[in-house]
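Below is one structure, written out as structure tokens; the observations come after it.
Read-outs throughout are calculated quantities, based only on the coordinates presented, and are distinct from any laboratory measurement. Note that the structure is a prediction, hence the values are computed from the model and not measured. Positions of Cβ are backbone-derived with ideal geometry, glycine not excepted, and every protein chain shown enters the neighbour counts.
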Amino acid sequence: MTHLRKTTDKSHRKHGQIVVRRAPGKATEAILQYGPLRLRAAIGRSGITSFKREGDGATPRAPMRLISAYRRGDRMGAVATGLPMQRIRKDMLWCDAPGHPAYNRPVSAPFAASHETLMRKDRLYDVCIVMDWNVRSRRRGCGSAIFFHIARADYAPTEGCVALSPTDMRRLLPYLTDQTVLTVL
């Protein structure tokens, strides 16, 4: 059995990168690698693309720094992680309307433009990590709400995000910081 070391170990610098590669023969599943760990992941319904567009259902092929995270406090207790993490409230949304000034930014309800609700009825955003895809340097229409979150039980495709099982996400979280980069190849 492979054991990972906590982020305080010097070995974290060596293994601080996450690599996501499409699973052989499966356009919407991937293998996520973090150091010696290999985990099953779901990716976008349209696979991986180098030319991400809003609504295309594809996961962007790119290195993306992990910026921050959200969690459902009513479903997830305290979560050990080096990422800045906020508890999700009912009024928390994420704007996915390309023409709106708040495009690809967190917003609060009520909000009339198109958006993602962070407090979902399903478990997908019980842990939701914001990746730097089109966030720090925004281009309208190039994709929004590309998160690293919880997968459906059957690893059904995402809308462009990367998703892990709840068990695997909990296993990985203690090693993640805002310096971690997730690279989709």
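Structure summary
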| quantity | calculated |
| --- | --- |
| Net length gained if the chain between VAL181 and ALA156 were fully extended (0.36 nm per residue, minus Cα distance) | 6.6 nm |
| Long-range amide H partners of GLN17 with built H, under 5 Å | GLY35 |
| Added length on full extension, which subtracts the Cα-Cα distance from 0.36 nm per residue, ARG65 to PHE51 | 3.2 nm |
| Options [x] 1.68; [y] 1.03; [z] 0.98 - which one matches Cα Rg over 2.2 N^0.38 Å as calculated here | [z] |
| Relative contact order [Cα under 8 Å, 6+ residues apart], the stretch 78-126, whole percent | 34 percent |
| In Å, descending, principal axis extents of the Cα set of the stretch 80-164 | 34, 27, 25 |
| Taking LYS121, LYS52, LYS26, LYS90 and counting other C-beta atoms within 10 Å, the order from fewest to most | LYS121, LYS90, LYS26, LYS52 |
| At R0 = 35 Å, FRET efficiency that the Cβ-Cβ distance of PHE111 and GLN17 yields, to 0.05 | 0.50 |
| Mean Cβ neighbour count within 10 Å, used as a protection proxy, ranking 28-35, 135-142, 124-131 highest first | 124-131, 28-35, 135-142 |
| Order by protection proxy (mean Cβ within 10 Å, highest first), peptides 38-46, 106-114 | 38-46, 106-114 |
| Ellipticity estimate at 222 nm from DSSP helix runs (n ≥ 4, -39,500 (n - 2.57)) divided over the chain, nearest 500 | -1500 deg cm²/dmol |
| C-alpha center-to-center spacing [the stretch 12-61, the stretch 63-78] in angstrom | 18 Å |
| Equivalent ellipsoid, the stretch 115-185 (semi-axes from 5 times Cα gyration tensor eigenvalues, Å) | 20, 16, 11 |
| Antiparallel DSSP beta bridges within the chain, percent to nearest 5 | 70 percent |
| Residues in the stretch 65-103 that a label on LEU37 would reach, taking backbone N under 20 Å of a point 7 Å out along Cα→Cβ | 65-72, 76-86 |
